[in-house]
Amino acid sequence: MKRRLLWSLDILRDWSLTMTIYRDTFPPSNADLFLTYVGMETDLIFNQGVDLPGFASYPLLKTPEGRKLIEGYLKDLIALGKETHSGVILESPTWVANRDRGAAIGYDFGELKQLNQDAIAMMAAVRSASDHAPTIISANIGPRDDAYAPDAQMSADEAELYHSEQVSVLADTDVDVISGYTLAYPSEAIGIVRTAREFALPVVISFTVETDGRLPTGASLEDAISEVDSATDSYAAYYMINCAHPEHFSGVLEDAPWMQRVRGIIANASRCSHAELDNAEELDDGNPAELGGQLSDIRRRFPQIQVLGGCCGTDMRHMKQIVSAARTP
């Protein structure tokens, strides 16, 4: 099905045009800790007064002022990585840059294609201007529907067909890895993994959980990870948890084989539920030092976790506390 879609869009892949660095060696082994940050949208909306319809940051790429804002987050993370001798994973502002989410705020596929490409080109330029390594470019892929309360669940085949449109565009850029973020059910994750494999791209899957440590659709982390691995021959490089506070999921983490597949935690600053956060009129930025300590404690329990970072409600204060705690013996 995917090939039919790609042919209909006349998308021609020319792998010689890409300048990837870590695509063939992801994840690189020359860093024991990687920092990543996906809290930009809440920081822009609540702290800087930037309007982001549909929670989409990619429209900022259309103006010099908007690009400067995004570049600032990328450069700040690289600087923190360099200062603390940590690897960096730069996440693209393309989380909701797919057909349905784009159409909801007035973007057609042609515009989305260009903005997806522009996002990675900007990130590659920022990386080229830095002498810090490893700095990885991750194409951030979000869910088709509401991450916290999807109206309908796609089958794995439907998800593969749907997400292949965005991934096919990103495959011809300098991206090192595809990262599926805030996924709420296994079959959508399976579709993303399948389409990444079709394009020979490394892929990371990040599930979100509710306050009970289970996915919004009710599955346990163990069952979701096992289902995706079973359906894809364990192709995903690893799994993460994002958009949840450590207290929401730390109790379900256990010393078991499935847990060895979890290598990243990208946490919310707030203990609020997703429903509460959606209705919030003020930003709950939690306690940066406490959050750093909680993530460090989880990493000590599970040393395979090498990727730490901040999600909703976080900013560079939280990132500094996270890496400081993680680096404290």
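Can you compute log10 of I(q)/I(0) for the chain with the Debye formula, treating each Cα as one identical point scatterer, at q = 0.08 Å⁻¹?
-0.32
Relative contact order for the stretch 179-235: what percent, with Cα pairs under 8 Å and sequence separation of 6 or more?
40 percent
Taking the chain as a Gaussian network, Cα atoms linked when under 10 Å apart, which of 135, 25, 208 shows the biggest mean-square fluctuation?
Of the options given, 25 has the highest mean-square fluctuation.
So what are the ³J(HN,Hα) numbers for the stretch 153-162, from phi and the Karplus equation (6.51, -1.76, 1.60; θ = phi - 60°), rounded to whole Hz, Gly and Pro as x?
Each residue of the stretch 153-162 in turn: 10, 6, 6, 4, 5, 5, 5, 4, 5, 5 Hz.
How many percent of the accessible area of the chain is carbon or sulfur, using a 1.4 Å probe?
Ligands and nucleic acids excluded, carbon and sulfur reach 49 percent.
Which one of 232, 63, 94 has the biggest mean-square fluctuation once the chain is modelled by GNM with Cα springs under 10 Å?
Taking springs between Cα atoms under 10 Å, the residue moving most is 63.
If you build a Gaussian network model of the chain, linking Cα atoms that sit under 10 Å apart, which residue out of 230, 92, 57 swings the most?
Of 230, 92, 57, the most mobile in the Gaussian network model is 230.
Can you order the peptides 251-257, 71-77, 170-176 by their average number of other Cβ atoms within 10 Å per residue, highest first?
In descending order of packing, they fall as 170-176, 71-77, 251-257.
So what J values fall out for the stretch 22-29 if you push phi through Karplus, 6.51 cos²θ - 1.76 cosθ + 1.60 with θ = phi - 60°, rounded to Hz, Gly and Pro as x?
Values per residue, Gly and Pro as x: 10, 4, 8, 10, 7, x, x, 9 Hz.
Let's see if you can work this out: charge +1 on each Lys and Arg Cβ, -1 on each Asp and Glu Cβ, no other charges. What is the dipole magnitude of the chain about its Cα centre, in debye to the nearest 20?
Using Cβ point charges on Lys, Arg, Asp and Glu, the chain gives about 980 debye.
Once phi is turned into ³J(HN,Hα) by the Karplus curve 6.51 cos²θ - 1.76 cosθ + 1.60 with θ = phi - 60°, what whole-Hz value does each residue of the stretch 65-79 show in order, with x for glycine and proline?
For the stretch 65-79, the Karplus curve yields 5, x, 4, 4, 4, 5, 4, x, 5, 4, 5, 5, 5, 4, 4 Hz.
Cα to Cα, under 23 Å, and not fewer than 8 places away if on the same chain: which lysines meet these conditions relative to residue 320?
Straight-line reach from residue 320, under 23 Å: 68, 75, 82.
The values are calculated or read from the model by the stated rules, or taken from the named source; none is laboratory data. For clarity, every value in this text was computed on a predicted model and none was experimentally measured. Because the Cβ atoms are built from the backbone with ideal geometry, glycine has one as well, and the counts that use them run over all protein chains shown. In case anyone asks, the SASA skips ligands and DNA or RNA and just uses the protein heavy atoms, side chains included. Shrake-Rupley method; radii C 1.70, N 1.55, O 1.52, S 1.80 Å.
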